[in-house]
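Report on the following structure.
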Amino acid sequence: MTKWIYETPDNGKTITRRVLGVHETDRHIQISSSEWLPLSQTIEIARQVIKEQCIRHEYPVVNELWVQYQTMLRLVSNGESE
């Protein structure tokens, strides 16, 4: 899993992120504060992710199907699904 460092040069108006261990000048992705999700929506997403993880843990067949879905999604996203 990629670990990020988030920094804000202007007190929260914009945030930059970089991969942990990569120097600041190597790679930056700028995120505007207008792109942030409200806290309530972020919490709801986290709850849903945890619920789904619990289901996958409880039902191995669901986990296997989820892994297959993630694999196919990656292939399609990279244009490799032929």
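So here's what we get for this one:
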{"read-out": "Residue order, fewest to most beta carbons within 10 Å, for Thr2, Thr42, Thr16", "value": "Thr2, Thr42, Thr16"}
{"read-out": "Rounded if a/c under 1.5, otherwise prolate or oblate - the stretch 39-82, Cα gyration tensor axes", "value": "oblate"}
{"read-out": "Within-15-Å neighbourhood charge of Ile55 [Cβ basis; K, R +1; D, E -1]", "value": "0"}
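Read the figures in this text as sums done on the coordinates, not as results from a lab. Remember, predicted model here, so these are calculated numbers, not experimental data. FYI the Cβ positions are ideal-geometry reconstructions off the backbone, even for glycines, and counts take in every protein chain you see.
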